[in-house]
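Read through the structure below, which is laid out as structure tokens, and then see the notes.
The values are calculated or read from the model by the stated rules, or taken from the named source; none is laboratory data. Just so it is clear, the model here is predicted, and its values are computed rather than measured. Counting neighbours? That spans all protein chains shown, and the Cβs are built from the backbone with ideal geometry, glycine included. For the accessible areas, the whole protein counts, side chains as well, though only heavy atoms, and no ligand, DNA or RNA atoms are used. Shrake-Rupley method; radii C 1.70, N 1.55, O 1.52, S 1.80 Å.
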Amino acid sequence: MISLTTFVFFVQASLVLVLIPGPNHLYITARGLAQGRAAALASAFGVEAGTLVHIAVAAAGLSYVISQSATLFAIVKWAGVAYLVYLGVRAFTTKRETVTQAPPPQPLRKIFLEGVLVNVLNPKVTLYFLAFLPQFLEPSAGPPAPQIVVLGLTLLVLGLLSDLAYAFAAGALSGRLERKATSMRYVSGVVYLGLGMATAFAGSR
């Protein structure tokens with residue numbers, strides 16, 4: 001079992017990460033503006049269904065990497081650090097981004113499936129599973145795959161709570177994102193740089 005201290009720290013760090021507005025949140029907001037609460041909720045649940053794909057891939061792939069080569073795992077770690085720093089720098093240097101125009105109405109089933117695809121292709125989530133989550137795996141806690149599943153499902157729950165908040169307040173939240181895009185961009189940059197530093201100095205394995 002993962003130690004309680006490690007798990008609590010993981011939850012805190014993950015909560016900070018999932019609260020940063022990203023493609024998932026913008027998609028949910030856009031759907032809510034276009035078709036109302038039901039569409040926003042369908043997209044939110046679709047997004048988190050996509051997280052299950054990330055969990056399965058990470059549990060299989062990362063477990064293999066960790067078991068086969070400490071050097072390969074180190075490469076994955078430092079590639080993740082570099083990408084986190086890149087995201088932080090880009091947040092400070094790119095122009096203001098706004099919420100895209102609301103998409104045309106779609107059946108709820110299609111919205112759900114689109115939500116799955118949006119999350120599967122979201123680089124922020126891929127980064128999370130490849131670079132950030134592995135830093136919380138404990139060799140003394142047993143095989144990495146079950147630990148990845150537990151941590152991944154924890155992320156799913158945190159992400160779902162965040163997504164539902166966006167879904168229930170899509171209209172108002174979208175307005176805030178547009179009016180405060182610059183300040184949010186700077187906050188995101190600081191968070192990404194901080195996470196990059198934390199990952200870089202995480203205990204070696």
Report I75's accessible area, 1.4 Å probe, all protein chains in place, as a number in Å² to the nearest 10. 100
With N set to the number of residues, divide the alpha-carbon radius of gyration of region 1-65 by 2.2 N^0.38 Å and report two decimals. 1.43
To the nearest 10 square angstrom, how much accessible area does Y166 have with a 1.4 angstrom probe? 20
What are the ³J(HN,Hα) values, in whole Hz, obtained from phi via the Karplus relation 6.51 cos²θ - 1.76 cosθ + 1.60 with θ = phi - 60°, for each residue of region 141-152 in sequence order, with x given for Gly and Pro? 8, x, x, x, 4, x, 5, 4, 5, 4, 5, x
Under a plain spin-label model, where a point goes 7 Å from the Cα along Cα-to-Cβ, how far apart in nm are S3 and L52? 3.4
